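Peer 1: One structure coming up, written as structure tokens, with questions to follow.
Throughout, read-outs are computed from the coordinates displayed, never taken from laboratory work. Since this is a predicted model, take the numbers as computed values, not measurements. Cβ sites come from the backbone with ideal geometry, for glycine too, and all protein chains shown count toward neighbours.
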Amino acid sequence: MNLVKVPLLTRMRRMTPGQLLLFCIMAAVFIWFITACMVLPILNLLKTVFIENGKISLSSFQKLSKSPRAMKALKNSFILAPTLSLTVGFVGISLVLITEYFDVKGAAILRLGYMTTLIYGGVTLVSGYKFIYSNNGVLTNFIANIFPHFNKTWFTGYWAVLFVMTFSCTSNHMIFLRNAMRAVDFQTVEAARNMGASQWTILRRVVLPVLLPSLFAVTILTFITGLCAMSAPLLVGGKDFQTINPMIQQFAEMTTTSAKSLAATLSLILGAATMILLAIMTAIERRGHYMSVSKVKTKIVKQKINNPVVNILVHFYAYALFVIYVIPVILIVLFSFSDSAHIQQRQLDFSTFSLKNYGELLSKTTAYKPFLVSIIYSALAAVIVGLLVVLACRYIQKSKGTFSATALEYSLMIPWLLPSTMIALSLMLAFNQPRWYMFNKPLIATLQLLLIGYVIVKLPFTMRMTKAAFFSLDNALEDAAKNLGASEVYTFRRVIFPVLLPTVMAVAALNFNGLLTDYDMSVFLHHPANPTLGVKIKSLTEEMGNSSDGVALTFVYAVLMMIISAIVLYLVYGRGGKDNIKE
Amino acid sequence: MIRLNDIEVRFGDFTALKDINIHVEEGQFYTFLGPSGCGKTTTLRTITGFIEPSKGTVMVKGKDITHVPVERRNIGMVFQNYALFPTMSVYENIAFGLRVKKVNKTDIDRRVKEMAGKVELTEQQLMRKVAELSGGQQQRVAIARALVNNPEIICLDEPLSNLDAKLRVQLREELKEMQAKFGITTVYVTHDQEEALTLSDCIAVFNKGFIEQIGTPNEIYSHSKTEFVCNFIGDINRLEKPIVISLNAQTDRNLDPEKHTYIRLEDIHVNNTSAGQAKFRGKVVGNEYFGLYIKYQLEVEGQILKCIDKNDGRQYLKKDDLVEVSINPDDLMIY
């Protein structure tokens, strides 16, 4: 059905005075938010890079080229990103083949193990890996006991970062590539077999081509993750392997103008690289996905590996990966019940197990405050961003194709193109002094700044998901409500919003989950007296060698995070909930 | 009751409707029939107010409602997929329009239950979510929701198109009964000619944004005014020149062989000497058994003609059987 485009002025003329006032207030809020919190800070960042003493200058790039640390960080990032794409690609594809394509015994258990990265990631995961693999780590000690000449300081630098990130970045594969694998029409596999194709030929010529578009997309996302790596290089990179983001953080923490300009320049390079990669990804997405053309699509049937030697090797590989994924989770859970002395010695003694560490979290202000701060920030940001995007999507839906709707949509998608470090830095540089568009109040070291950052960074994801839900709505529902005499506001409140609510709630839950242990943005924007969980875990992890109490607290945080994430993911994707998320 | 005067609807450069003039009388079951994209739904949406015409007027009971917003028209509508609100119960769906009008709770309850009774929905079904109902029950909810507000007119936009064949026939009958029971002026949109012929008092056949013919089902079927209507309604044979020339030779008619001459399947008689003035020798080249009737393909004068014969056990012709075919020139439709 053709939708009639009604010009904005005509629609405004048809509104009641109350509706018009509400519309004007909302329009003013959106224009102010987009301009003051997104566009002007980015322009200010560009000014920091390109304007010196009131003139256009490229001196910040010259300064950058003369800074050995910065150049090394750039080089490291561009080494890490491609190698990470390869290692994550290899592991990620094998996880999907093991759990979805080949008949591997215990696939359901293996899948659960491989999916632990969905509930356990970022700074918490790096902290757990450090506890296990670092000098004096549980596994390092175990190996050193067997091989006395084993280098106990092996877990530092490039290889350590690559190792941690390889196993922490397979979440996209377990979501997107797995979905693509499930979309393979088994009749095409049977047809190939019927024509005499071998298992390898079927995999190479029939199955993998269907996965290719998703594979390209997740590879690019991994490349971007590698470029923007923050907590892994910070915690296990050591002096020799620092990447762009930790370097931006270090420069940003310095007080000199030239250091800030270096940070801005680095973030701009990171932003430019991200934009190029996302442009490539969009071009790939536009080529579309392979759609099954069968009238009756058949679910894939797991393939037995015919060669017994290969079969054993695949099973061995599958369980080795399972151990790598699961060991940190199990040890963190177990050690979270252990006492300080045993944590210090990296020894498990079940007789010493207690809930003392959990009790301390509840009783000590310094322990529960970061947890509370993160919960409040994440919840507030999830609600605000959800509300803003629902209102924006409603406007975009009603005014589809008009200039104002297109401008609003593109503006809210700006943060998708920019790494969160760049957004954080732009906010930090813009609001370290009073700005008229922020009512002449500096926002640095205030509680609001991090909230603004969180809202901005979650806009694109929320926008994509919510817009998809809006546009998959049956237009007839709205027509039916109008036909029964309902006004636009009543229709939205009673008919449209209740239909969208499960999606809005699911997206809010995922946003809440994603922000809970955020480090990349928090480290730039958090209030000094109110560190977030990510910041706290990072500082506790750095003290790992000195304070066993801190380590115990980190484990308690990690366990609670895992529980919260698991509940959120179950509510969103579990029983019947997966229909809420469509893109 | 409803008058559409010179309605024109444009979407940008595209003219969706042109010169639409329709008069629907009170209590009539009026059907808009035509292929996809012909403008029938656009006309319906113009009546309900979802589309404002670029030209022309929409009158209901003599009042011009062309610019009256949809929510103030008091025209009930049943949508193609019923558009039942999925988050509400059946009761809430039916009560929706009454709540919008701020009818008091007791009256809402009474009217919802009354209407549910009329469309044969039980009290238990009223409490269910709409997704828990069958296709037929959903249709009844959609009708109840539209009728509970006492509209002057009810519009139905292909309400049977998403159902399987058996249910479609069953609900078609229910729909006809319900319309008779409520006596409400009904405007119905369909692309299914059988549905239009069985349900309607009057049919408007649409094509490419124009109306080809308005008439009773019999007028539309037996006296199609245009070649499009004749082809669109029912199955038909177009006679080629040799048959037309032979027809002229056998009768006193002077049919123009250059014109397009059509005959319906049931007007071709096989081995029935009493029927028809012109006789031809034919051969059976195919047959399809339908139970109530048999459909034959006959080779006549080098042309394949389709015809149907009542299955009364009198004859069942096999492939290559030779037959006598009779045609009455009065049954021909010429364009």
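Peer 1: Note down the relative contact order for the stretch A:406-477 as a percent, whole number, built from C-alpha pairs under 8 angstrom at least six residues apart.
Peer 2: Once normalised by length, the contact order is 35 percent.
Peer 1: Additional query: Pairs of Cα atoms under 8 Å, at least six residues apart: use those to get the relative contact order of the stretch B:2-232, whole percent. Mind dumping the intermediate values first?
Peer 2: Numbers: 423 pairs, mean separation 65.3, N = 231.
Averaging sequence separation for qualifying contacts and normalising by length gives 28 percent for the stretch B:2-232.
Peer 1: Rounded to whole Å and ordered largest first, report the semi-axes of the equivalent ellipsoid of the stretch A:168-218 derived from its Cα gyration tensor (root of 5λ). Display every interim value, and only then the final one.
Peer 2: Working: eigenvalues 115, 20, 13 Å².
That gives 24, 10, 8 Å for the three semi-axes.
Peer 1: May I pose another question? Rule-of-thumb check for chain B: C-alpha Rg over 2.2 N^0.38 Å?
Peer 2: After normalising by residue count via 2.2 N^0.38 Å, the value is 1.21.
Peer 1: Further, regarding this structure: Summing +1 for each Lys or Arg and -1 for each Asp or Glu, what net charge is found among the other residues whose Cβ lies under 13 Å from the Cβ of B:N93?
Peer 2: +4
Peer 1: Taking 0.36 nm per intervening residue step and subtracting the Cα-Cα distance, what contour gain separates A:N306 from A:T446 on full extension?
Peer 2: Values: separation 140, 0.36 × 140 = 50.40 nm, distance 6.31 nm.
Answer, rounded to one decimal: 44.1 nm.
Peer 1: Just the C-alpha atoms of the stretch B:1-61: what Rg/Rh do they give, with Rh taken as the Kirkwood radius?
Peer 2: Details: Rg = 11.3 Å, Rh = 11.8 Å.
Checking Rg against Rh, the ratio lands at 0.95.
Peer 1: Could you tally the net charge around A:N76, taking each other residue with its Cβ under 12 Å from the Cβ of A:N76, Lys/Arg +1 and Asp/Glu -1? Kindly include the intermediate steps, with their values, before the conclusion.
Peer 2: Values: positive: A:R69, A:K72, A:K75, A:K239; negative: A:D240.
Taking every other residue near A:N76 into account, the sum is +3.
Peer 1: Which whole number gives the average count of other chain Cβ atoms within 10 Å of the Cβ atoms across peptide B:64-71?
Peer 2: Working: counts 0, 0, 0, 0, 0, 4, 7, 10.
For this peptide, the per-residue mean of nearby foreign Cβ atoms is 3.
Peer 1: Now a separate question. I'd like the mean, over residues of A:483-496, of how many other protein chain beta carbons sit within 10 Å of each residue's own Cβ. Walk me through the intermediate numbers first.
Peer 2: Values: counts 19, 18, 13, 7, 3, 1, 0, 4, 2, 0, 0, 7, 6, 2.
Mean shielding by partner chains, rounded to a whole number: 6.
Peer 1: Follow-up question, since we're still on this one. For B:N207, enumerate residues with amide H under 5 Å from its amide H, sequence gap 5+ or separate chain, H modeled in the peptide plane.
Peer 2: Under 5 Å from the amide H of B:N207 lie the amide H atoms of B:E212, each far enough along the sequence or on another chain.
Peer 1: On to the next question. Averaged over A:470-482, how many beta carbons belonging to a partner chain fall within 10 Å of each residue's beta carbon? Mind dumping the intermediate values first?
Peer 2: Details: counts 0, 0, 0, 0, 7, 3, 8, 7, 2, 9, 14, 7, 10.
Going residue by residue through A:470-482 and averaging, the value is 5.
Peer 1: Looking at the stretch A:59-335, what % of the alpha carbon pairs are farther apart than 24 Å?
Peer 2: Numbers: 22207 of 38226 pairs.
More than 24 Å apart: 58 percent of the Cα pairs in the stretch A:59-335.
Peer 1: What three numbers, in Å, describe the spread of the alpha carbons of the stretch A:468-508 along their principal axes, ordered from the longest?
Peer 2: On the principal axes, the stretch A:468-508 reaches 32, 16, 10 Å in Cα extent.
Peer 1: Two decimals is fine: what's Rg over Rh for the stretch B:48-133, C-alpha atoms, Kirkwood radius as Rh?
Peer 2: Details: Rg = 15.8 Å, Rh = 15.0 Å.
When Rh is taken as the Kirkwood radius, the ratio is 1.06.
Peer 1: Amide H to amide H under 5 Å from A:I51: which residues, 5+ apart in sequence or cross-chain, H placed 1.01 Å off N in plane?
Peer 2: For A:I51, the qualifying residues are A:S57.
Peer 1: Let me ask something else about it. How large is ³J(HN,Hα) for each residue in the stretch A:127-137, as worked out from phi by the Karplus curve 6.51 cos²θ - 1.76 cosθ + 1.60 (θ = phi - 60°), to whole Hz, x for Gly and Pro?
Peer 2: 4, x, 4, 5, 5, 8, 9, 6, 3, 6, x
Peer 1: Distance check, please: which entries in B:K18/B:K101; A:K467/B:K118; B:K18/B:K259; A:K260/A:K536; B:K208/B:K241 exceed 32 angstrom between their Cα atoms?
Peer 2: On the way: B:K18/B:K101 35 Å; A:K467/B:K118 40 Å; B:K18/B:K259 28 Å; A:K260/A:K536 24 Å; B:K208/B:K241 30 Å.
Pairs exceeding the cut-off: B:K18/B:K101; A:K467/B:K118.
Peer 1: Express the Stokes-Einstein translational diffusion coefficient of the stretch B:96-227 in µm² s⁻¹, to the nearest whole number, given a Kirkwood radius over alpha-carbon pairs, 4 °C and a viscosity of 1.567 mPa s.
Peer 2: Details: Rh = 16.6 Å.
The Stokes-Einstein estimate is 78 µm²/s.
Peer 1: Report the net charge of residues surrounding A:A476, where surrounding means a beta-carbon distance below 13 angstrom and charges are Lys +1, Arg +1, Asp -1, Glu -1.
Peer 2: Details: positive: A:K482, B:R45, B:R145; negative: A:D474, A:E478, A:D479, B:D157, B:E158.
My count for the surroundings of A:A476 gives -2.
Peer 1: What list of ³J(HN,Hα) values in whole Hz, one per residue of the stretch B:282-293 in order, does the Karplus curve 6.51 cos²θ - 1.76 cosθ + 1.60 (θ = phi - 60°) give from phi, with Gly and Pro shown as x?
Peer 2: x, 10, 6, 10, x, 9, 10, 8, 10, x, 5, 9
Peer 1: Give the relative contact order (percent, whole number) for chain A; include only Cα pairs under 8 Å separated by 6+ residues.
Peer 2: Details: 714 pairs, mean separation 116.0, N = 583.
Here the relative contact order equals 20 percent.
Peer 1: For the protein assembly as shown, just list the percent of Cα-Cα distances falling in each 20 Å bin from zero outward, please.
Peer 2: Spelled out bin by bin, the protein assembly as shown gives 11, 32, 30, 19, 7, 1 percent.
Peer 1: What is the distance, in nm, between label points placed 7 Å from the Cα along the Cα-to-Cβ direction at A:L43 and at A:Q19?
Peer 2: 3.4 nm
Peer 1: Sort B:H191, B:H223 so the one with the fewest other Cβ atoms within 10 Å of its own Cβ comes first.
Peer 2: Details: B:H191 19, B:H223 13.
If I rank by nearby Cβ atoms, fewest first, I get B:H223, B:H191.
Peer 1: Return the Cα extents of the stretch B:237-334 along principal axes one, two and three, sorted largest first, each rounded to a whole Å.
Peer 2: Dimensions of the stretch B:237-334 along the principal axes of its Cα atoms: 38, 24, 20 Å.
Peer 1: Here is a follow-up. Any aspartates and glutamates with Cα under 15 Å of the B:K310 Cα? List them, leaving off those in the same chain fewer than 8 positions away.
Peer 2: The reachable aspartates and glutamates, counting only those whose Cα sits under 15 Å from B:K310, are B:E266, B:D267, B:E288.
Peer 1: Continuing with the same structure: For the stretch A:15-94, compute Rg over Rh where Rg is the Cα radius of gyration and Rh is the Kirkwood radius from the inverse mean 1/r over Cα pairs.
Peer 2: Rounded to two decimals, Rg over Rh is 1.30.
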